[in-house]
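Reading through the structure tokens given below for one structure.
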Amino acid sequence: MAIQPVRLFGDPVLRTRATEVTDFDAELRKLVADMTDTLHDEGGAGLAAPQIGVGKRVFVYDCDGFSGHLINPTWEAVGDEDQFGKEGCLSIPGFGWDCRRKLTVVAHGWNMHGEPVTVEGSELLARCIQHETDHLDGVLFIDRLDAETRKQAMREIRAASWFGEPEPTVKTSPHPMFGKAR
């Protein structure tokens, strides 16, 4: 499996709605494996496919004792209660701000083999599910901050040493793949 570079704030792929997965094939399984390796290498709680430059509705998670992946996820709140707490993002490294999310959610989707999956768990997992699903819709967690906190967040992001770095160069094999996953 391969660790992929994480796209940073400012990359247009992070603001583009990802497309539905329709093929549950070896290429998808490789994507999930690469995303899981990247997540673990980065030390994150979740990672959405757009964060590695892939516009597909896929995310992986490993937080609070829960780990796995969801393809074409949807979620629904359980109750009306919210949680408010610090949130960060691998695409906005080194920062975190308080963000409001639903306290409890249940997510539905599919695994990499096309089998239906339901995920529910802790408050941290609920936050992760909402955060990663937002990524699939082209929404970043800073969009969910109150106006004053968002202004401060944008000032801090613009001052970050990584802000404005060029997109990573993604190399592809010059050899024909004959329909096989890389």
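The values are calculated or read from the model by the stated rules, or taken from the named source; none is laboratory data. None of these values were measured; they are calculated from a predicted model. A quick note on method: Cβ atoms are made from the backbone with ideal geometry, for glycine too, and the neighbour counts reach across all protein chains shown.
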Go through (1) under 14 Å from the mean Cα position of the chain (by Cα); (2) charged (D, E, K, R); (3) part of a helix (DSSP H, G or I) for E87 and report which single condition fails. (3)
I need a count of the residues in the stretch 1-15 that are touching a helix residue (DSSP H, G or I) at 6+ places or on another chain (Cβ under 7 Å) and crowded, with 16+ Cβ neighbours inside 10 Å. 6
Residues in the stretch 14-30: is at least one more than 16 Å from W110 (Cβ to Cβ) and touching a Pro at 6+ places or on another chain (Cβ under 8 Å)? yes
If P93 satisfies every condition in (1) within 13 Å of A126 (Cβ to Cβ); (2) surrounded by 15 or more Cβ atoms within 10 Å (Cβ to Cβ) but one, which is the exception? (1)
Within the stretch 1-30, which residues are over 13 Å from the mean Cα position of the chain (by Cα) and not in a loop (DSSP other than H, G, I, E, B)? P12, T19, A26, E27, L28, R29, K30
Of the candidates A49, A26, A45, A18, the one satisfying the condition of being exposed (fewer than 14 other Cβ atoms within 10 Å of the Cβ) and either touching a residue at least 12 places away in the same chain (Cβ under 8 Å) or more than 22 Å from V119 (Cα to Cα) (or both) is A26
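Looking at the stretch 31-49, which of its residues are part of a helix (DSSP H, G or I) and not aliphatic (A, V, I, L, M)? Walk me through how you get there before you give the answer.
The initial filter retains those residues of the stretch 31-49 that are part of a helix (DSSP H, G or I), namely 31-42, 49.
Within the stretch 31-49, D34, T36, D37, T38, H40, D41, E42 qualify.
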Return yes or no: is D64 under 27 Å from L8 (Cβ atoms), out of contact with any Phe, Trp or Tyr (no Cβ under 7 Å at 6 or more places or on another chain) and either modelled with pLDDT under 95 or among the β-branched types (V, I, T) (or both)? yes
Regarding the stretch 50-58, can at least one residue be identified that is part of a helix (DSSP H, G or I) and of a type in the set (D, E, K, R)? no
Restricting attention to the stretch 1-46, the residues that are in contact with a strand residue (DSSP E or B) (Cβ under 9 Å, 6 or more places away or on another chain) and charged (D, E, K, R) number exactly 2
Of the listed residues (G55, G88, G65), the one being exposed (fewer than 15 other Cβ atoms within 10 Å of the Cβ), small (G, A, S), out of contact with any Leu (no Cβ under 6 Å at 6 or more places or on another chain) and more than 14 Å from R7 (Cα to Cα) is G65
With respect to G121, is the statement that it is within 19 Å of the chain's Cα centre (by Cα), surrounded by 14 or more Cβ atoms within 10 Å (Cβ to Cβ) and at pLDDT below 95 true? yes
Pick out the one residue from T133, T149, T74 that is in a strand (DSSP E or B), modelled with pLDDT of 95 or more and on the phi < 0 side of the Ramachandran plot. T74
